[in-house]
Amino acid sequence: MNKRNFTLLFLLISTLANIIFTVSIITILLVGTSLLLRYVIHINDANIIVADWMFCFIGGMILSLFLYAKISDKIVKKYKIADKLDERLSGRRFSHLSSRSQQQKEEEKPKTVMPKSVLPDEDEWESEK
């Protein structure tokens, strides 16, 4: 399997996992806050329940976004698959995890070249020996 196919497969699986993860987080938040509002705080107002659902939906989306990023980074590090992903398709998302990128950074460091005017001249007494 080449890099492009492996990257597409990885992105497809991770996208499906992210959708399932997001729906489960939103469901847990909705059930938890609904039970809290109804049985602990004893609120039955429809406006408050609608606002609760809106905040749970937005909060679940944001929470799943952060957790998905952390989990996917840990999976890529654990199984060392950053080198197998195509950088053009995965973007810069996992490029910092690959060993190739670290080698390229070391090779790309600029070398210091001093101009001839700054270089020390040869001493006359050293050249006579």
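The values are calculated or read from the model by the stated rules, or taken from the named source; none is laboratory data. Being a predicted model, the structure only gives us computed values, none of them experimental. Reconstructed Cβ throughout: ideal geometry from the backbone, glycine too, with neighbour counts over all protein chains shown. To get the accessible areas, we keep the full protein, side chains included, count just its heavy atoms, and leave off ligands, DNA and RNA. Shrake-Rupley method; radii C 1.70, N 1.55, O 1.52, S 1.80 Å.
There is no residue in the range 13-24 that is more than 30 Å from residue 87 (Cα to Cα) and of a type in the set (A, V, I, L, M, F, W, C). The helices (runs of 4 or more DSSP H) found entirely in the range 31-129 that carry 3 or more residues being under 37 Å from the mean Cα position of the chain (by Cα) and either among the charged types (D, E, K, R) or modelled with pLDDT under 90 (or both) are 46-79, 87-90, 99-107. Can we say residue 10 is under 30 Å from residue 79 (Cα atoms), hydrophobic (A, V, I, L, M, F, W, C) and either assigned to a helix (DSSP H, G or I) or open to solvent by less than 60 Å² (accessible area, probe 1.4 Å) (or both)? For residue 10, the condition - under 30 Å from residue 79 (Cα atoms), hydrophobic (A, V, I, L, M, F, W, C) and either assigned to a helix (DSSP H, G or I) or open to solvent by less than 60 Å² (accessible area, probe 1.4 Å) (or both) - is met. May I ask you to list the residues in the range 29-51 that are touching a helix residue (DSSP H, G or I) at 6+ places or on another chain (Cβ under 8 Å) and either closer than 18 Å to residue 63 by Cα or in contact (Cβ under 8 Å) with a residue 24 or more places away in the chain (or both)? Listed by number, the residues that qualify are 29, 30, 33. Evaluated against (1) closer than 26 Å to residue 68 by Cβ; (2) open to solvent by less than 100 Å² (accessible area, probe 1.4 Å), residue 57 falls short on exactly one condition, (2).
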